[in-house]
Amino acid sequence: MINDFINSADTSSRSTLFEKDCQTHIATLHQRVSSFEVTKFLNIETNDKWLLASALQKCIRRGLAVQSVAVAIRLHQIDQAYLPRRMPIIALEDIGLGDALVCRDVITVCASSKWWGTDVNKTIGFLASIMAGALKSRAACDAYSLTEVHPDRDILLSKLLKCSATDLIDIACNQDLAQIKRIFALRVLGGITENQNGAYKVLSRCDIRSLESVGSKLELPEVVCWLIARQRKTAGM
C-alpha cells in the first residue's frame with residue numbers, strides 16, 4: 001500500500017525520496033539552518049492565532065515562501081510553544097511523500113529546543129522556506145482520511161482488530177489484496193483511538209515494531225522507515 005503511495009508521487013521527487021545516505025543529509029542540517037538568511041519578511045499585525053495557523057498551512061501548500069516565513073514568524077511571536085508542534089503536522093499532511101527528507105528535517109528541528117534559541121527567526125525562516133519549496137503529496141494523508149469515512153469501516157475494523165500483529169503485517173504487505181483492506185491493517189498497527197459518546201477509547205495501540213516489519217518487507221526507503229519509527233502520527237498515516 002505504501003508502495004502505491006510512492007508510485008503516485010511526482011517522479012521528479014524520486015532523487016530526494018530515495019536518497020540513500022540519509023545520515024549525511026541530517027548531518028548537514030545545522031549548517032543549512034545556520035547559513036539561511038532571513039533577508040526580508042512582511043509585517044503582519046494580526047494577533048489572531050488560528051487565522052495565522054490556517055494561513056501558514058495554506059501558504060506552504062501553495063508554495064508561497066515569503067508569505068510562509070512572515071506568517072510563521074508572526075505566529076511564533078504570539079505563541080512560542082505552538083509553532084514547533086504545528087509545523088510537523090503541516091509537513092506530514094501537505095508534503096508527505098512528495099519530499100520525505102523535508103519532513104525529516106522539520107521533525108528533527110521541531111523536536112529539539114536547541115534550534116529555537118536566540119536566532120529563532122533563522123530557524124523559522126529556514127523551515128517555512130523549505131516547506132513552501134518542497135514537492136507536495138497528500139496521498140498518505142488522504143488514505144488516512146479515507147479510513148475515517150469509508151462505508152465498510154466498521155466491518156473491516158471489527159475483523160482486523162481481532163487479527164494478530166503477524167496477520168496484520170501479512171495483510172499490509174499483500175499486494176494482491178484490496179488496497180482499502182491493507183490501509184485499514186496499517187491503521188490498526190498505527191493505533192486507533194475513537195470518541196465514543198464523549199469518551200475516548202483505545203481500539204488498538206501503535207505497534208512500531210510491526211510497522212518497521214512492514215517497511216522492511218516492502219523495501220521502503222530508509223527515510224520513510226525513519227519517519228515511521230520517529231513519529232507516532234506518521235505511523236498512524
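The values are calculated or read from the model by the stated rules, or taken from the named source; none is laboratory data. Remember, it's a predicted structure, so these values are computed and weren't measured experimentally. Here Cβ is always computed from backbone atoms with ideal geometry, including for glycine, and neighbour counts include all displayed protein chains. Please note that ligands, DNA and RNA were not included when accessible areas were found on the heavy atoms of the full protein model with its side chains. Shrake-Rupley method; radii C 1.70, N 1.55, O 1.52, S 1.80 Å.
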Return yes when Thr147 is surrounded by 12 or more Cβ atoms within 10 Å (Cβ to Cβ) and not in a loop (DSSP other than H, G, I, E, B) and no when it is not. yes
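Determine whether the stretch 190-201 contains at least one residue that is under 22 Å from the mean Cα position of the chain (by Cα) and aliphatic (A, V, I, L, M). Lay out the reasoning, then the answer.
Narrowing the stretch 190-201 to residues under 22 Å from the mean Cα position of the chain (by Cα): 190-194.
Then drop every residue that is not aliphatic (A, V, I, L, M), which leaves 192.
Scanning the stretch 190-201 turns up at least one residue that is under 22 Å from the mean Cα position of the chain (by Cα) and aliphatic (A, V, I, L, M).
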Counting only residues that are without any contact (Cβ under 8 Å) to a residue 12 or more places away in the chain, assigned to a helix (DSSP H, G or I) and over 21 Å from the mean Cα position of the chain (by Cα), the stretch 41-84 contains a total of 2
Quick check: is even one residue across the stretch 116-127 under 26 Å from Gly191 (Cβ atoms) and either open to solvent by 20 Å² or more (accessible area, probe 1.4 Å) or of a type outside the set (S, T, N, Q) (or both)? no
Leu189 being at pLDDT 90 or above, out of contact with any His (no Cβ under 7 Å at 6 or more places or on another chain) and either surrounded by 21 or more Cβ atoms within 10 Å (Cβ to Cβ) or among the basic types (Lys, Arg) (or both): yes
In the stretch 157-171, is there at least one residue being open to solvent by less than 20 Å² (accessible area, probe 1.4 Å) and at pLDDT below 90? no
